[in-house]
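Engineer: One structure follows; several queries about it will come next.
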Amino acid sequence: MSQTKPVVAIVPGGFCGPDLYEGVANTLREDGFTVIIVTSTVTKNLPSKDTTHPEFKNLANKGLLDDVDEIHAKLTPSFDQGLEVVIFGHSYGSLPALLALQGQTVDERKAKGLSGGIKAYAVIAGFAYALRGRNVRGDTEDAPPMPYFITEEGVFHIQDSAKPLFFSDLPAEEQDAAWAKVLGSQSRKSLNHLSEFTNSEVQIPKTYILCEKDEVVAPMYQEMYVKTGEFDKVEKLPSGHFLFVNPVSLIYTDRLGDTIANLDIKSLNLVCLADRDMSIDLWTEFGSCATAASDRHEYFAIFVPLLRLLQTILSSPRDIDSMDGIRDSLEQYYLNFPPDLLEFSSIKFMYQLEAMIWFHGIFILTFVRQDLLEILIDEALPLQDEFYFAPEHAILLGEALPTLLQLDSALQRISPATVFFINLPSTIMASAMWRFHCLIDLDTTSPVVIDIPESLVVNVTFHQEVLQALSNLGSKCDIKFIRTMSDILSVLCRVDPDLDSAVAPKRDADIMSLWDRRNWDKYSLKSYENGAICLQVLGQRFTEEKVLACLRAIDLALGGGEDYMA
C-alpha cells in the first residue's frame, strides 16, 4: 500500500481539549489528510472542586505517562494499517508527544517486524527535556505554583487573570469567547515528570515552531529549547503562543498540504490556519517569561539565565577571561532583576529568593572552586587577593537567609542546588572567620584577638540557623558536613576568653574592610594550620563543645598550654 500523505496527530497543550483544535483539523481533512486529535487525560472541567470527589482524586493521580498511553492507544490502529504519522505537540503536549516516540518510530517498529510508525516530530511553542532524570526545568523539584493558579491537593485550577496573557493575539471580546473553551483544571503530577528520554535522543526529523510574539513562553526561552532539544529545523512565525487565532497565518494555508506530505520545513505551517478556536497551555506559567515587565518575576525569567551561567562556570577552564565574562553576565542579570524583589518583604515564592541565593553563589564560584572541603582546609585560599570578594557575596547572601526560613521553616521545598549554594557561602564564612582566631603579632610575638563586629556575628548566625534547619530531623539534607559547618560557625563567632583582647585592633566600621589582606600583614595566620580539624569533624558528629575543644587541642600542639582534650 502506497501512502502519499501521513496521518497528522495533534497532542493538545495543557488545559486544552480536542475541540480547540477542530478548526485546524477540519482544514487538513479537507486537504486529504487523516487527522487524529489526542484527548489529554490530565486536564478537564471538574464537576466539583471538592477534594474528596472521586473525579477530583482521579485527576490528581493522572500523570504525563497517562497521556503517553493515550497517544499510543489513538495511534495503534493507524500503525496496524501500516500508516506513518507526523506528530505535533503544542506547548505541554510537546512532552507526552516526545515520550510517545520511544519504540514507535518507523525504523524501530520495522526492526521488530511491525508496520507503520511515527516518521517526524514537531513542537509548537513547547519544551524540551535536556537531561535524563530531570524535569524540563532541569531539576527534580515540583513545579512552583504561579499566581495564575489555585492549588488544591495535587490539582491546579486556572484563573481568569491569565486570559489576556494567553490570548494576546485577540481583542478583548474574542478573548472571552476563547477563554470559555479552556478546561479549568489540570493535575500537578503531569507537570512534574522526570524523563528518562531526552529530545537529543530522537532519531527522526524534529522541528520547532517558534512563536515570535509569544507572551507565554518568550522567544528567547523558545530559542533555549531549540538548542537544548537539538532540533533539526526551526520555523519562526509572527504569532503569539496560540497561533491558531492569528489572522496573519492565512498566508500559509495554500502550501499546507504538499509540505506536510513532503516533510519540508513548511509542513509545520499546519498550525497557522485561520482557526478562531484557541488552545491554552498554562503549564508554561511555571516557566513563563513574557516580555512584559510583570513577567520578569516568573520562574523561567529569573532562573534560565542562572542555569546557563552555572553550566558555563562548571565547564569553564577557569581562566581570567572566562571568569570575568561570567561576572559581567551576572552584573547584567542583576541590572535586569525585578527591583521590587530586592526588598525581601516583596518576595512571594521560594524560587524568587532561591534566585538571589544562586546569583551570589555563582558569583562566589568565579573566585573559588566548588569543593567545599577544599575551601575549608586550604590555608592559602584566604591569603589570595581575590578571596576578598567571596565573603562579600557570602555576607550579601546571608542577608536573604532569614526570609528563606520564613517562607519554608523546614526547608523542604528548596532544590538540591540551592542547598549547595547555602553551604558554599557558609564554608566561605568559616574560612574567613579563622582570621579572628589564634593570631600571633609579628612585632610582639603575642597572641592577638581581633574583635568580631557584631553585625558580622549576626550575619554568620543567619548562615548557622539555616544550616541547623537543613540538618534537623525531617529535612532531606541531613548530612554530617552540614551539621559540622553549623557547629564550626558557632565556635568561630566567639573569641577565646583566655587571650588578651586589649591588644586587639578595633574594626567595626566596615565589615568588608576586614577581608582586605593589607589589614592582616602584621599578623602570622597560623590559624590556618587548624584546617586539620575539618578532617576530624567530618568523620563523626561533634557537639559544639567538642569542636571548641578540638580547636584548642590544635592550638596546644602549635604553641603549648593546657590540653583541653585530656
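The values are calculated or read from the model by the stated rules, or taken from the named source; none is laboratory data. What you see is a predicted model; the values in this text were computed from it and never measured. Here the Cβ is made from the backbone with ideal geometry for all residues, glycine too, and neighbour counts use every protein chain on show.
Engineer: Checking the structure you have, find out if any residue of segment 199-214 is under 20 Å from the mean Cα position of the chain (by Cα) and under 25 Å from Asn135 (Cβ atoms).
Structural biologist: If we filter segment 199-214 for residues that are under 20 Å from the mean Cα position of the chain (by Cα), which is where we start, we get 199-200.
Add one more test, that the residue is under 25 Å from Asn135 (Cβ atoms), and what stays is 199-200.
Within segment 199-214, one or more residues are under 20 Å from the mean Cα position of the chain (by Cα) and under 25 Å from Asn135 (Cβ atoms).
Engineer: Now a separate question. Taking the condition in contact (Cβ under 8 Å) with a residue 60 or more places away in the chain and assigned to a loop (DSSP other than H, G, I, E, B), does Val136 pass?
Structural biologist: yes
Quick grid of which residues meet (1) loosely packed, with under 14 Cβ neighbours inside 10 Å; (2) not aromatic (Phe, Trp, Tyr):
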{"residue": "Lys44", "(1), (2)": "no, yes"}
{"residue": "Pro47", "(1), (2)": "yes, yes"}
{"residue": "Thr51", "(1), (2)": "yes, yes"}
{"residue": "Phe56", "(1), (2)": "no, no"}
{"residue": "Leu65", "(1), (2)": "no, yes"}
{"residue": "Glu70", "(1), (2)": "no, yes"}
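Engineer: Just the residues that are assigned to a loop (DSSP other than H, G, I, E, B) and touching a His at 6+ places or on another chain (Cβ under 7 Å), please, taken from segment 190-224. Walk me through it before giving the result.
Structural biologist: Our first condition is that a residue be assigned to a loop (DSSP other than H, G, I, E, B); within segment 190-224, this holds for 192-194, 196-198, 202-205, 212-218.
Correct list: Asp214, Glu215, Val216, Val217.
Engineer: Taking Met350, is it closer than 22 Å to Asp142 by Cβ and at pLDDT 90 or above? Spell out the reasoning first.
Structural biologist: Values: closer than 22 Å to Asp142 by Cβ: yes; at pLDDT 90 or above: no.
No, not satisfied.
Engineer: Same structure, new question: Taking the residues in segment 29-74 that are over 25 Å from His157 (Cβ atoms), modelled with pLDDT under 95 and outside any loop (DSSP other than H, G, I, E, B) as candidates, determine which candidate is nearest to the chain's Cα centre (by Cα).
Structural biologist: Selected residue: Val35.
Engineer: Are there any pairs, at least 6 apart or on different chains, whose C-beta atoms fall under 7 Å, with the first in segment 365-383 and free of Cβ contacts under 8 Å to residues at least 60 places away in the same chain and the second surrounded by 19 or more Cβ atoms within 10 Å (Cβ to Cβ) and in a loop (DSSP other than H, G, I, E, B), and if so, which?
Structural biologist: Short answer, once both residue conditions are applied: Ile375/Val368; Leu381/Val368.
Engineer: Let me ask something additional. Here is a check on your reading of the model: is Gly82 crowded, with 21+ Cβ neighbours inside 10 Å and farther than 30 Å from Cys211 by Cα? Let's see the steps before the verdict.
Structural biologist: Working: crowded, with 21+ Cβ neighbours inside 10 Å: no; farther than 30 Å from Cys211 by Cα: yes.
When the stated conditions are applied, Gly82 does not pass them.
Engineer: Would segment 352-364 turn up any residue that is touching a Lys or Arg at 6+ places or on another chain (Cβ under 9 Å), touching a residue at least 40 places away in the same chain (Cβ under 8 Å) and either under 18 Å from Ile482 (Cα atoms) or outside any helix (DSSP H, G or I) (or both)?
Structural biologist: Checked segment 352-364: no residue is touching a Lys or Arg at 6+ places or on another chain (Cβ under 9 Å), touching a residue at least 40 places away in the same chain (Cβ under 8 Å) and either under 18 Å from Ile482 (Cα atoms) or outside any helix (DSSP H, G or I) (or both).
Engineer: Which number in (1) free of Cβ contacts under 8 Å to residues at least 40 places away in the same chain; (2) touching a His at 6+ places or on another chain (Cβ under 9 Å); (3) not aromatic (Phe, Trp, Tyr) marks the one condition that Lys227 misses?
Structural biologist: (2)
Engineer: OK, next. Out of Leu250, Leu256, which single residue is crowded, with 16+ Cβ neighbours inside 10 Å and modelled with pLDDT under 50? I'd like the intermediate steps shown before the answer.
Structural biologist: Working: Leu250 fails: crowded, with 16+ Cβ neighbours inside 10 Å.
Step by step, each of Leu250, Leu256 is checked, and only Leu256 is crowded, with 16+ Cβ neighbours inside 10 Å and modelled with pLDDT under 50.
Engineer: Another question, then. Can you find a residue that is of a type in the set (Ser, Thr, Tyr) and modelled with pLDDT under 80 anywhere in segment 226-245?
Structural biologist: Filtering segment 226-245 down to residues of a type in the set (Ser, Thr, Tyr) leaves 228, 239.
Then drop every residue that is not modelled with pLDDT under 80, which leaves 239.
Checked against the condition, which is being of a type in the set (Ser, Thr, Tyr) and modelled with pLDDT under 80, segment 226-245 yields at least one hit.
Engineer: With respect to Leu404, determine if the residue is assigned by TED's automatic domain parsing to the domain that holds Leu373, at pLDDT 85 or above and not polar (S, T, N, Q). If you could, list the steps in order and put the result at the bottom.
Structural biologist: On the way: assigned by TED's automatic domain parsing to the domain that holds Leu373: yes; at pLDDT 85 or above: yes; not polar (S, T, N, Q): yes.
The answer is yes for Leu404.
Engineer: Restricted to segment 100-125, and to residues that are basic (Lys, Arg) and not in a strand (DSSP E or B), which residue is surrounded by the most Cβ atoms within 10 Å (Cβ to Cβ)?
Structural biologist: Among them, the one singled out is Arg109.
Engineer: Given (1) farther than 26 Å from Tyr225 by Cα; (2) small (Gly, Ala, Ser); (3) crowded, with 18+ Cβ neighbours inside 10 Å, identify the lone condition not met by Ala355.
Structural biologist: (1)
Engineer: Taking the residues in segment 8-37 that are in contact with a Leu (Cβ under 8 Å, 6 or more places away or on another chain) and surrounded by fewer than 22 Cβ atoms within 10 Å (Cβ to Cβ) as candidates, determine which candidate is nearest to Ala100 (Cα to Cα). Lay out the reasoning, then the answer.
Structural biologist: Initially, segment 8-37 is screened for residues in contact with a Leu (Cβ under 8 Å, 6 or more places away or on another chain), giving 8-9, 12, 14-17, 23-24, 27-28, 31, 34-36.
Those left that are additionally surrounded by fewer than 22 Cβ atoms within 10 Å (Cβ to Cβ): 17, 23, 27-28, 31, 34-36.
Numbers: Gly17: 19, Gly23: 24, Thr27: 25, Leu28: 22, Asp31: 26, Thr34: 19, Val35: 17, Ile36: 14 Å.
If we take residues in segment 8-37 being in contact with a Leu (Cβ under 8 Å, 6 or more places away or on another chain) and surrounded by fewer than 22 Cβ atoms within 10 Å (Cβ to Cβ), then Ile36 is nearest to Ala100 (Cα to Cα).
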